[in-house]
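S.K.: Please read through the structure below; I'll follow up with questions.
The values are calculated or read from the model by the stated rules, or taken from the named source; none is laboratory data. Note that the structure is a prediction, hence the values are computed from the model and not measured. All Cβ positions, glycine included, derive from the backbone under ideal geometry; neighbour counts span all protein chains shown. Quick note on the areas: whole protein, heavy atoms, side chains included, nothing else; ligands and nucleic acids left out. Shrake-Rupley method; radii C 1.70, N 1.55, O 1.52, S 1.80 Å.
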Amino acid sequence: MAGKPKLYYFNGRGRMESVRWLLAAAGIEFVEEFLETREQYEKLLQDGALLFQQVPMVEIDGMKMVQTRAILGYIAAKHNLYGKNLKERALIDMYVEGTRDLMDLIRVHHKFSPEEQEKNLALINERATARYFPVYEKVLKDHGTEFLVGNQLTWADVQLIEAILMVEEKVSTILSKFPLLQDFKTRICNIPTIKKFLQPGSQRKPPPDESYVVTANRVFNRK
Amino acid sequence: MLQGTHTPGVLRKVFGGTHRNLKRGSMSGKPKLTYFNGRGRMESIRWLLAAAGVEFEEDFLETREQYLKLIQDGHLLFDQVPLVEIDGMKMVQTKAILSYIAGKHNLYGKGLKERAFIDTYVEGTTDLMQMILTLPFSPPEAKKKNLPLIIEKAKNRYFPAYEKALKQHGQGFLVGNQLSWADVHLLEAILMVEEKEPTVLSEFPLLQGFKTRISNMPTIKKFLQPGSQRKPQPDDKYVATVMKILKEG
């Protein structure tokens with residue numbers, strides 16, 4: 001049935017959260033199947049549904065897509081969020097790789113010991129304020145439209161807003177030296193589809209907690 | 001290129017613009033690669049350019065001073081290499097660079113779904129090659145432990161997927177009916193794993209056939225010959241150079 005995309009993942013953010021963001025921003029309704037037991041995961045494996053034995057997996061347009069970046073690229077291109085030509089794509093690709101690197105630091109944060117978390121937090125702070133946010137602040141300044149690329153919303157903007165909010169959860173004052181990013185945040189959060197996603201009751205997931213870690217470990221047979 | 005205009009900040013980092021920055025760019029119009037003199041994350045880019053029959057130049061990072069100067073002069077968007085100067089842009093982020101080259105040189109399939117397949121396949125081979133890429137930089141005990149795990153993943157996770165893809169697709173290529181980025185990346189991955197474990201393809205007859213066929217395509221055959229810009233496996237000297245330049249450990 002060519003219906004809504006179906007997302008297979010844990011009931012939490014992880015690698016799937018960027019996919020939820022992008023679908024939501026594009027105004028695409030989707031359904032989710034949450035992995036809770038090892039048996040579910042093994043059935044997916046046995047059914048040959050996971051090309052590299054991994055999730056995220058998204059059933060979309062007759063494909064069982066895996067690999068987060070591939071999924072995001074497909075959604076972006078399909079829903080006019082990937083710019084208008086090769087050079088705009090190149091900029092979008094560079095920008096999303098940057099935000100991806102930043103978000104990866106946060107994605108794994110909960111797996112660390114309290115001591116390691118302290119170090120990681122310092123790293124997140126440093127990278128956000130010294131490497132990544134200055135770049136996006138300057139892009140907004142130099143580019144002169146409301147968006148990072150071109151003159152309409154793209155995947156790059158959606159991923160940046162996701163990254164900003166994620167870092168702010170860890171360091172609430174992170175945007176204090178970035179006035180244009182503050183404006184960007186306000187503007188993008190007010191786009192109707194995104195505003196809706198940010199409201200309680202949406203499919204946006206909360207930050208990882210203990211039960212999320214326990215579930216993931218159980219499904220993957222990890223200690 | 002934006003000649004004669006003052007292009008501020010980040011766009012200058014990406015699109016060049018002032019005379020000072022133009023001096024860095026390639027005078028010949030060929031893409032210019034800035035990286036260490038070794039494989040690392042740049043090797044896939046060398047492979048793809050070579051497969052596309054595109055000549056390129058290289059600037060090798062040998063000292064920390066060179067690297068710091070690149071940063072100070074605003075050439076590195078996120079203070080990182082690889083850097084590829086191509087078509088008036090200073091591109092960083094390996095995936096972005098590879099996608100641009102693939103898109104430009106007709107190696108990205110025809111249509112959204114072929115792109116999706118190619119993207120999925122290259123993510124898999126990236127994950128596999130990433131494991132091997134980082135191996136020389138891990139401590140000796142970790143190296144000993146991780147190499148067998150990598151071979152195991154190659155044999156049980158990745159190569160079965162590509163063997164099946166070739167079988168189901170029934171053409172000489174992973175996607176569509178012509179060479180794509182996915183094929184080039186897979187060949188690179190196969191050869192990289194074989195360097196560690198020569199018999200790794202023994203249970204994958206279609207991959208063996210694929211390897212032979214793709215290796216014999218003229219541009220790729222040329223790249224595989226001695227004297228090409230293909231880089232050898234990393235040695236201790238390479239590891240030491242990288243660590244010194246990036247000041248890690």
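S.K.: Could we say that A:P200 is touching a residue at least 40 places away in the same chain (Cβ under 8 Å) and surrounded by fewer than 12 Cβ atoms within 10 Å (Cβ to Cβ) here?
M.R.: Working: touching a residue at least 40 places away in the same chain (Cβ under 8 Å): no; surrounded by fewer than 12 Cβ atoms within 10 Å (Cβ to Cβ): yes.
Here the answer is no, as A:P200 does not meet what is asked.
S.K.: Moving on to the next point. Does the stretch A:58-78 contain at least one residue that is over 20 Å from B:G111 (Cα atoms) and not assigned by the TED database to the domain that holds A:I106?
M.R.: Within the stretch A:58-78, not a single residue is over 20 Å from B:G111 (Cα atoms) and not assigned by the TED database to the domain that holds A:I106.
S.K.: Oh, and also: So B:Q80 ticks every box in (1) part of a helix (DSSP H, G or I); (2) within 13 Å of chain A (Cβ to nearest Cβ); (3) under 24 Å from A:V135 (Cβ atoms) but one. Which box is left unticked?
M.R.: With (1) part of a helix (DSSP H, G or I); (2) within 13 Å of chain A (Cβ to nearest Cβ); (3) under 24 Å from A:V135 (Cβ atoms) applied to B:Q80, the lone miss is (1).
S.K.: Quick check on this structure: which one of A:G83, A:G98, A:G73 is over 16 Å from the mean Cα position of the chain (by Cα) and either surrounded by 18 or more Cβ atoms within 10 Å (Cβ to Cβ) or away from every other protein chain (no Cβ under 14 Å) (or both)? Don't jump to the end; show me each part of the working.
M.R.: Numbers: A:G98 fails: over 16 Å from the mean Cα position of the chain (by Cα); A:G73 fails: over 16 Å from the mean Cα position of the chain (by Cα).
None of the other options fit; the residue is A:G83.
S.K.: Next question. Go over the candidates B:Q229, B:Q225, B:Q208, B:Q178 one by one and state the one that is modelled with pLDDT of 95 or more and assigned to a helix (DSSP H, G or I).
M.R.: Values: B:Q229 fails: assigned to a helix (DSSP H, G or I); B:Q225 fails: assigned to a helix (DSSP H, G or I); B:Q178 fails: assigned to a helix (DSSP H, G or I).
Result of the check over B:Q229, B:Q225, B:Q208, B:Q178: B:Q208.
S.K.: Can you find, within the stretch B:127-163, the residue that is surrounded by the fewest Cβ atoms within 10 Å (Cβ to Cβ) among those that are within 12 Å of B:L186 (Cα to Cα), at the interface with chain A (Cβ under 10 Å from one of its Cβ atoms) and free of Cβ contacts under 8 Å to residues at least 60 places away in the same chain?
M.R.: B:D127
S.K.: Another one. Condition first: closer than 20 Å to A:F220 by Cβ, in contact (Cβ under 8 Å) with a residue 40 or more places away in the chain and in a loop (DSSP other than H, G, I, E, B). Can you find one or more residues in the stretch A:18-32 that meet it?
M.R.: There is no residue in the stretch A:18-32 that is closer than 20 Å to A:F220 by Cβ, in contact (Cβ under 8 Å) with a residue 40 or more places away in the chain and in a loop (DSSP other than H, G, I, E, B).
S.K.: Can you confirm whether B:R230 is surrounded by 15 or more Cβ atoms within 10 Å (Cβ to Cβ) and within 17 Å of the chain's Cα centre (by Cα)?
M.R.: Values: surrounded by 15 or more Cβ atoms within 10 Å (Cβ to Cβ): yes; within 17 Å of the chain's Cα centre (by Cα): yes.
Against the criterion (surrounded by 15 or more Cβ atoms within 10 Å (Cβ to Cβ) and within 17 Å of the chain's Cα centre (by Cα)), B:R230 qualifies.
S.K.: Go through the stretch B:192-204 and give me each residue that's in contact (Cβ under 8 Å) with a residue 24 or more places away in the chain and either assigned to a helix (DSSP H, G or I) or open to solvent by 80 Å² or more (accessible area, probe 1.4 Å) (or both).
M.R.: Within the stretch B:192-204, B:M192, B:V193, B:E195, B:K196, B:E203 qualify.
S.K.: Residue check: is A:L105 over 26 Å from B:G109 (Cβ atoms), open to solvent by less than 40 Å² (accessible area, probe 1.4 Å), away from every other protein chain (no Cβ under 12 Å) and not hydroxyl-bearing (S, T, Y)?
M.R.: yes
S.K.: Quick one: what pairs do we get from the stretch B:99-114, first residue open to solvent by 70 Å² or more (accessible area, probe 1.4 Å), second among the charged types (D, E, K, R), C-beta under 8 Å, 6+ apart or different chains?
M.R.: These pairs meet every condition: B:K104/B:D87; B:K113/A:D61.
S.K.: A follow-up question, please. Would you mind stating whether A:Y41 is in contact with a Leu (Cβ under 7 Å, 6 or more places away or on another chain) and either closer than 23 Å to A:Y212 by Cβ or not β-branched (V, I, T) (or both)?
M.R.: yes
S.K.: Can you confirm whether the stretch B:171-191 contains a residue that is within 19 Å of the chain's Cα centre (by Cα) and either surrounded by fewer than 19 Cβ atoms within 10 Å (Cβ to Cβ) or assigned by the TED database to the domain that holds B:E43 (or both)?
M.R.: Yes: one or more hits.
S.K.: Quick one: is A:E39 more than 10 Å from every other protein chain (Cβ to nearest Cβ), within 16 Å of A:L22 (Cβ to Cβ) and among the charged types (D, E, K, R)?
M.R.: Spelling it out, it is not the case that A:E39 is more than 10 Å from every other protein chain (Cβ to nearest Cβ), within 16 Å of A:L22 (Cβ to Cβ) and among the charged types (D, E, K, R).
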